[in-house]
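*Asks:* Here it is: the structure, laid out below.
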Amino acid sequence: MDIVLVPGFWLDASSWDEVTPPLVAAGHRVHPLTLPGLESADAPRAGIGLQTHIDAVTAVVDGLEGPVVLVGHSGGGAIIYGVTDARPDRIARAVYVDSGPLGAGQSINDELPADGDDVPLPAWGVFEDEDLVDLDEGLRAAFRARAIPQPRGVAQDAMELHNEQRLTVPSTVIACEFTAAQLAEWVAAGAPFVAELARMRDSEYVDLPTGHWPQFTKPAELAAAILAAVDRP
């Protein structure tokens, strides 16, 4: 299977380095991505928006043969959902790592402080305690050293959706800073922030207890969860 790994904010393809070896060892072809504007700290980010990133991942899917598994971490979850909207017939499964689908008209996070065209990694105090579970001082320092400003448009642009067939794509949510049971309760209660997830016709929620960056805090466990999702019938 071709597995396309889409990083969350401030991260490039190398953020998956500790996750990819078990996927490759299991016989899969793995494609970790660096999205436009994330090539380096000095890369131009003007004019790069959410659709730019969706189009970039869609182009990768178009360059592969056969069914594709998409894995999106954090803000990358919105991006892979946009790809399922563009190519629902090509996606065998979408895996949302501590993230989920973004509804039409919603933005990933328009409250993050921007500096011109950039959204730099903010101070740790901006995040909730649940985000930072298991992210010790060494991991925080390594994360900040590698962090690349996110294009402002990707964070702030409204999602556009066009194809209801996206709702038929099998999906797995790997729940980290919240539990699968909590997620199921929010869906059942009709919570607005999971409204799009509630519309999906084939979804499952699995637990991976840690903070918001399991590729750093529990990479082996994340790889195992992705493999389990890929192997779902």
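The values are calculated or read from the model by the stated rules, or taken from the named source; none is laboratory data. Model, not experiment: these values are computed from the prediction. We place every Cβ from the backbone using ideal geometry, glycine too, and count neighbours over all the protein chains shown. What goes into the accessible areas is simple: the full protein's heavy atoms, side chains included, and nothing from ligands, DNA or RNA. Shrake-Rupley method; radii C 1.70, N 1.55, O 1.52, S 1.80 Å.
*Asks:* Between A92 and A46, what is the label-to-label distance in nm when each label sits 7 Å out along the Cα-to-Cβ direction?
*Replies:* 4.3 nm
*Asks:* Want the number for V24 to D202: 0.36 nm per residue separation, take away the alpha-carbon distance, what's left? Write down the numbers at each step before the final one.
*Replies:* On the way: separation 178, 0.36 × 178 = 64.08 nm, distance 2.63 nm.
Stretched out fully, the V24 to D202 stretch lengthens by 61.4 nm.
*Asks:* Let me ask something else. Run through the DSSP bridge list for the chain and note the antiparallel percent, rounded to the nearest 5. Could you put the intermediate results ahead of the total?
*Replies:* Details: 3 of 28 bridges.
Of all bridge pairs located within the chain, approximately 10 percent are antiparallel.
*Asks:* Separate question: Computed FRET efficiency, Cβ-Cβ of A184 and E39, R0 25 Å: what is it to the nearest 0.05? Intermediate results must be reported in sequence, preceding the final value.
*Replies:* Details: r = 39 Å, r/R0 = 1.54.
Between A184 and E39 the formula returns 0.05.
*Asks:* Measuring with a 1.4 Å probe in the full set of protein chains, what accessible area per residue, in whole Å², belongs to segment 1-71? All intermediate terms of the calculation are to be shown ahead of the outcome.
*Replies:* Values: 2790 Å² over 71 residues.
Using a 1.4 Å probe on heavy atoms only, each residue of segment 1-71 averages 39 Å².
*Asks:* Rounded to the nearest 500, what is the 222 nm mean residue ellipticity of the chain from helices alone, with -39500 (n - 2.57) per DSSP H run of 4+ residues and division by all residues? Each step should come with its number before you reach the end.
*Replies:* On the way: 9 runs with 76 residues, N = 233.
It lands at -9000 deg cm²/dmol.
*Asks:* Please work out, to two decimal places, the log10 of the ratio I(q)/I(0) at q = 0.20 Å⁻¹ from a Debye calculation in which every Cα of segment 1-157 carries one identical scatterer.
*Replies:* -1.38
*Asks:* With only Lys, Arg, Asp and Glu charged, each at its Cβ (+1 for the first two, -1 for the last two), find how big the charge dipole of the chain is about the Cα centre; round to the nearest 20 debye. Write down the numbers at each step before the final one.
*Replies:* Details: 14 positive and 35 negative charges, 112 e Å.
The calculated dipole for the chain is roughly 540 debye.
*Asks:* Can you work out the FRET efficiency for the pair A104 and E137, with r the C-beta to C-beta distance and R0 = 45 Å, to the nearest 0.05? Could the numbers behind the result be given before it?
*Replies:* On the way: r = 40 Å, r/R0 = 0.89.
The formula returns an efficiency of 0.65 here.
*Asks:* Below 8 Å, C-alpha to C-alpha, sequence gap of six or more: please give me the relative contact order for the chain in percent. The partial results should precede the final answer.
*Replies:* Working: 462 pairs, mean separation 56.7, N = 233.
Worked out over the chain, it gives 24 percent.
*Asks:* What are the equivalent ellipsoid semi-axes of segment 157-233, built from the alpha-carbon gyration tensor (square roots of five times its eigenvalues), in whole angstrom, biggest first?
*Replies:* Calculated on Cα positions only, the semi-axes equal 23, 16, 13 Å.
*Asks:* So with the 1.4 Å probe, I'd like the accessible area per residue for segment 78-118, rounded to whole Å².
*Replies:* Working: 1520 Å² over 41 residues.
On a per-residue basis, 37 Å².
*Asks:* Assuming 0.36 nm per residue, please report the length gained on full extension of the stretch E130 to Q165 beyond their Cα-Cα distance.
*Replies:* Extending this stretch completely gives an extra 9.2 nm.
*Asks:* Which percent of the accessible heavy-atom area of the chain goes to carbon and sulfur, probe 1.4 angstrom?
*Replies:* The nonpolar share, carbon plus sulfur, comes to 51 percent.
*Asks:* Taking only the alpha carbons of segment 68-114, what extent do you get along each of the three principal axes, in Å, biggest first?
*Replies:* So the extents along the principal axes, rounded to whole Å, are 36, 20, 14.
*Asks:* Separate question: Please work out the average accessible area per residue across segment 125-181, using the 1.4 Å probe convention, and give it in Å². Show your work: numbers first, answer last.
*Replies:* Numbers: 2720 Å² over 57 residues.
Accessible area per residue: 48 Å².
*Asks:* Of all the stretches in the chain, which is the longest one without any exposed loop site, taking GluC sites (Glu not before Pro) in a DSSP loop (any state but H, G, I, E, B) with at most 15 other Cβ atoms within 10 Å?
*Replies:* Longest run free of exposed loop sites: 161-233.
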